[in-house]
Amino acid sequence: MRKSSLVYLVVAVLVVLGVIQVARPVARPTMAANVPSTQHIGGTPPSLPWPSGVQADVGASTIGGWSQHGPQSAEPIGSLAKMMTAYLVLKAHPLGLNQNGPTLLMTPQDAALYQQDAKTQQSVLPVVAGERVSELALLEGLLVPSGNNAATMLAQWVGGSVAHFTAEMNAEAKALGMRHTHFNGPVGLNGATVSTAADQMRLAEIMMKNPVIRQIVAMPEMTVAGPTPVVYNYNFLVGHGGVIGVKTGSTIRSGGCVVLAKDQTVDGHTLTVYSAVVGQPATSTNGQLWASLDAANALLQAAAKDLGNHTVVGSGETIGYLRAPWQSPIPLVAARPIQLLGWAGLSYHVHFAAHLPKVHSLPADTVVGTLTVDAGAQHVTIPIKTAVRLASPSWTYRLER
C-alpha cells in the first residue's frame, strides 16, 4: 500500500473515531445536598429554672416538647386524670361555644355521691337531687373546682359505667401516643393512675385545640347551686401572668401536679406555651400544690420569654452541589429563607428532594429540587436552584473525555 493511502486510512479512522466519541452519550449531571438530616437551632439554649429532682417539661403548640427533665418513669398524677375525662366527654358529645349541651337529672345517688365525697374532704361539685345540670356545667365542675363526683357522673353518662369509661381512657391514651400513661378511673384519686409530665403536656396541647375546653380552664371560678354559690379554680394562677389553664392535681401519692398554659405572640404568630410538673413535694414555705404551681409558672414564663423566630436556612445559602464532569461544581442555593419558631438548641429535621431535568445544560436560577424542614408541626418547603449556569459539554470535552 502506498504511503498516501495509509495516511488517508489513518485519517479516516481518526475521523470515524472522533465522530463516535463526539456522538457517544455524555454522563448526566448529579446532585447532592451536604446538609445533615438532623440539626439544631443555633445559639445558646435557654437556661430554664427546672425544679430540683422533680419531673417537668415545657413545650409549645406547633413546636412540641422541649425535653423532659427529672425522673422519666410514670408517676401518680392525681386530678390531672380529669383532662382525659373531659376530652372523652367532648369527643362523645361535642359542644360549640355558647352551647350547654344535654342536661342530666341529678338522682338521689348523685346527691349521695356528692355528700359522701364532701364528707371525706374531696374536691366536689355541689348538686342536689332533682335538679337538672347541663353537660357544660358538669364539665366546668370537673375542670374548675375539680369535682370528683362530676368525673364519676360524666364517666357513667358517657361510658355506661366507670369501668367501661376507664377502658376508653386507656385506649385513647394509647391512640394519642401517651406511652407512659395508665388510668385507673376518671377521677385520679387512685395511685394506680400514672403518667409523665411529657404525656400530660401532650394531652393538654390536644385538648386546648377545643375552644370549649379553652374557655372552661380559663375560668378562675364558677357559680353553683347550694349554700356556697361560688367555687374556685384550684389553678390559682389563672388570669395572672397570662396563664389561661390548664389543670392541677394533688394527692398524698401524687404530690403537686400541674399543667399550665400561656399564649405568646412571636413576630405575629401566636403560640400556646405549656409547662408541666409532676410529683412536686411541699417546700419549707409552700404546700405541694402551691409549690407545683410556682415551679410550673417559673418554667412557663421563662420558656415563653425565650421563644423566638429563628432563621435556620438563609436566602442564597448553599445546601449542596450539582456536579458535571465538564464543569466546576455548581452551588445549589436556597431560593428563600426558612424560619422556625422555637428555642435555641431545638432539633429539627431536613430533607432534600432532587428534581433535576434530563438535560446537559441549565440556565442560572433554575429550580432543581426542594428543601423541607420539619420541627414539631412546623413544615416548611422551599425551592432549591442553581447559582450559576450549567453549560453544555464542549466539543473539546467530548473528544478528550
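Values quoted throughout were computed directly from the atomic coordinates according to the rules given, and no laboratory measurement underlies them. Keep in mind the model is a prediction, meaning the values are calculated, not measured. Counting neighbours? That spans all protein chains shown, and the Cβs are built from the backbone with ideal geometry, glycine included.
From helices alone, the chain scores -9500 deg cm²/dmol at 222 nm; the rule is -39500 (n - 2.57) for each run of n ≥ 4 DSSP H residues, then divide by the residue total. Pair-distance distribution of region 73-306: all C-alpha pairs, bin width 5 Å, starting at 0; shares per bin in whole percent are 1, 7, 15, 20, 21, 17, 11, 5, 2, 0, 0.
Available extension along the chain between T228 and W157 is 23.0 nm, counting 0.36 nm per residue and deducting the alpha carbon span.
Shown for H351, H240: other C-beta atoms within 10 Å of each C-beta, ranked fewest to most, produce the order H240, H351. This ranking places V133, V89 by how few other beta-carbon atoms lie within 10 Å of each, fewest first, which gives V133, V89. Using Cβ point charges alone (K and R +1, D and E -1), the dipole size of the chain about the Cα centre works out to roughly 2340 debye. Modelled label positions at V35 and L176, each set 7 Å beyond Cα in the direction of Cβ, lie 3.4 nm from each other.
Where [x] 45.7, 190; [y] 20.9, 70; [z] 32.0, 129 are the candidate values, the label of the one calculated here for Rg and Dmax of the Cα atoms in Å is [z]. In region 198-347, taking the dipole from charged Cβ atoms about the Cα centre, the farthest positive-side position among I216, A334, Q288 is held by A334. Annotation: peptides 154-160, 265-271, ranked by per-residue average of other Cβ atoms within 10 Å with the highest first, follow the order 154-160, 265-271.
Below 15 angstrom from the Cβ of P363, what's the summed charge of the other residues (Lys, Arg +1; Asp, Glu -1)? Please report the intermediate quantities before stating the final value.
Details: positive: K385, R389; negative: D365.
Net charge around P363: +1.
If the segment from A27 to Q99 were pulled out straight at 0.36 nm per residue, it would be longer than the present Cα-Cα gap by 19.1 nm.
Pairs K82/K209; K209/K262; K119/K247; K174/K262: which exceed 21 Å Cα-Cα? Check vs 21 Å cut-off fails for K119/K247; K174/K262. Under the combined filter of DSSP loop state and at most 15 neighbouring Cβ atoms within 10 Å, region 153-227 retains these trypsin sites (Lys or Arg not before Pro): R179, K209. Calculate how steeply helix 81-92 sits against the longest principal axis of the alpha-carbon atoms of the chain, using the helix alpha-carbon long axis, and give the answer as 0 to 90 degrees to the nearest 10. In the chain, helix 81-92 runs at an angle near 80 degrees to the longest axis.
Arrange the following residues from fewest to most other Cβ atoms within 10 Å of their Cβ: T193, T103. Spell out each step's value before the answer.
Details: T193 28, T103 14.
Result, fewest neighbours first: T103, T193.
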